[in-house]
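The structure under discussion appears below in the form of structure tokens.
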Amino acid sequence: MDRPFALLAELTYECPLHCAYCSNPLELSRYTDELSTGEWQRVFTESRELGALQLHLSGGEPLRRRDVVELVRTGRELGMYSNLVTSGLGLSAARAEQLREAGLDHVQISVQADEPVLSDRLAGTPSYQRKIDAARTVKELGWPLTVNVVLHRQNLDRIEGILALVEEMGADRVELANTQYYGWAWRNRAALLPTREQLERAEQVVREARERLRSRMQILYILPDYYERYPKPCMGGWASRQVVVAPNGDALPCLAAHELPLPRANVRERSLEWIWEESPLFQRFRGTDWMPQPCRGCERRELDFGGCRCQAFQLTGDAARTDPVCHLSPDHDIVTAAVRRANDRADDAAGPHEVALTPRPHPREVVL
Ligand code: SF4
Ligand code: FES
């Protein structure tokens, strides 16, 4: 069995932003009983003992946690490389100084668009300028900066402007990530799924930017898998490289596994070692023995691991089926139909932005 190389600690689902593509669960109210500082410190220690070297502090917005500086310090004491995944809101100069002193190694800031009106609309709150200010603080303190941009139907046409903004922010690396349809993004898929024409144009712009910025900025372009022939090797295979821990202590093999009808595993009840090695949740799709046809007999089964279990569940109701993104899957027509609808709508008089977005609410606004 492989050892995890990274812990993704989702410290809180509290967030000042309301992005309509957020991968956080729809039922946010289940996660308000957050792990305490001491519980998180134990989880970090156990993950380090399991072999994890990277610590990603995420959410929601991790800066909403008052103890984030203390948690960064713990990561440093354990010898982990720490990365703060933030909207940038809450990263004041004073807080940044404290995080620097505590040993934070890297900062990742999200960007929604290259101009304030669209950016603030997509984020559901005024935030554009604050992100730019946060990026300036990050560079002044000498941190490496990654900018993450979730791409979709409503911002893909602005890709040149987005790249120019990211360059101006001084990013060392940009992740241009086409939307993955989990959580709120799944609910908003019709408003987010781009057209083929939008994607082809964006890919051309990214190719040219890569050439032009080669020595200054690494550009990572994460493909829109609905338009691919083969699925992505999600998480590098189920429970093989990373552990995600949700704010309430639920341990997961990936960001979206809370949606699957599988037994829970929680760090309040079990050690991370037991969860990684023995829990039914982490065992369920590890390796290749669980695979159905056509994956079982396919030469790519060790390359893409049959695709994404959460996407298979989302689209077919059965997490053990081949990811329907694969053109060999018996369920592939589900994906082609969604793509066809997205492209047909491009010809409508209303244009590509006609479907309204449902913003992600604040955790305490969710009424079940
Ligand atoms: Fe991957 Fe399965 Fe498709 Fe083969 S059949 S390419 S293993 S998803
Ligand atoms: Fe869960 Fe892909 S997101 S396996």
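The values are calculated or read from the model by the stated rules, or taken from the named source; none is laboratory data. From a predicted model like this one, the values you see are computed outputs, not experimental measurements. Cβ coordinates were reconstructed from backbone atoms using ideal geometry, including for glycine residues, and neighbour counts include every protein chain displayed. Remember, those area values only see protein heavy atoms, side chains included, never the ligands or the DNA or RNA. Shrake-Rupley method; radii C 1.70, N 1.55, O 1.52, S 1.80 Å.
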**Report entry** Whichever residue in the stretch 217-244 is closer than 30 Å to Arg30 by Cα, in contact with a helix residue (DSSP H, G or I) (Cβ under 8 Å, 6 or more places away or on another chain) and among the hydrophobic types (A, V, I, L, M, F, W, C) and, among such residues, is farthest from ligand 2 (Cβ to nearest atom)
**Finding:** Val243
Query - Lone unmet requirement of (1) open to solvent by less than 20 Å² (accessible area, probe 1.4 Å); (2) more than 10 Å from ligand 2 (Cβ to nearest atom); (3) not in a loop (DSSP other than H, G, I, E, B); (4) not basic (Lys, Arg) for Pro247 - result: (3)
Report task. Working only within the stretch 265-308, note down all residues that are more than 16 Å from ligand 2 (Cβ to nearest atom) and in contact with a Gly (Cβ under 6 Å, 6 or more places away or on another chain). Result -> Asn266, Val267, Arg268
Query raised in the report: Taking the stretch 1-41 as the region of interest, how many residues are assigned to a loop (DSSP other than H, G, I, E, B), open to solvent by 50 Å² or more (accessible area, probe 1.4 Å) and touching a helix residue (DSSP H, G or I) at 6+ places or on another chain (Cβ under 8 Å)?
Result: 4
Requested in this report: Could you tell me whether any residue of the stretch 266-274 is among the acidic types (Asp, Glu) and either surrounded by 18 or more Cβ atoms within 10 Å (Cβ to Cβ) or modelled with pLDDT under 95 (or both)?
Outcome: no
Requested in this report: With respect to Gly287, determine if the residue is part of a loop (DSSP other than H, G, I, E, B) and modelled with pLDDT of 95 or more.
Outcome: no
Report task. Could you check, for the stretch 181-200, whether at least one of its residues is among the hydroxyl-bearing types (Ser, Thr, Tyr), within 16 Å of ligand 1 (Cβ to nearest atom) and either without any contact (Cβ under 8 Å) to a residue 60 or more places away in the chain or buried (at least 16 other Cβ atoms within 10 Å of the Cβ) (or both)? Result -> no
Report task. Give me the pairs, please: first residue somewhere in the stretch 287-300 and touching a residue at least 12 places away in the same chain (Cβ under 8 Å) and more than 16 Å from Tyr230 (Cα to Cα), second residue anywhere and within 16 Å of ligand 2 (Cβ to nearest atom) and open to solvent by 40 Å² or more (accessible area, probe 1.4 Å), beta-carbon distance under 6 Å, and either six or more positions apart or on two chains. Result -> Thr288/Arg301
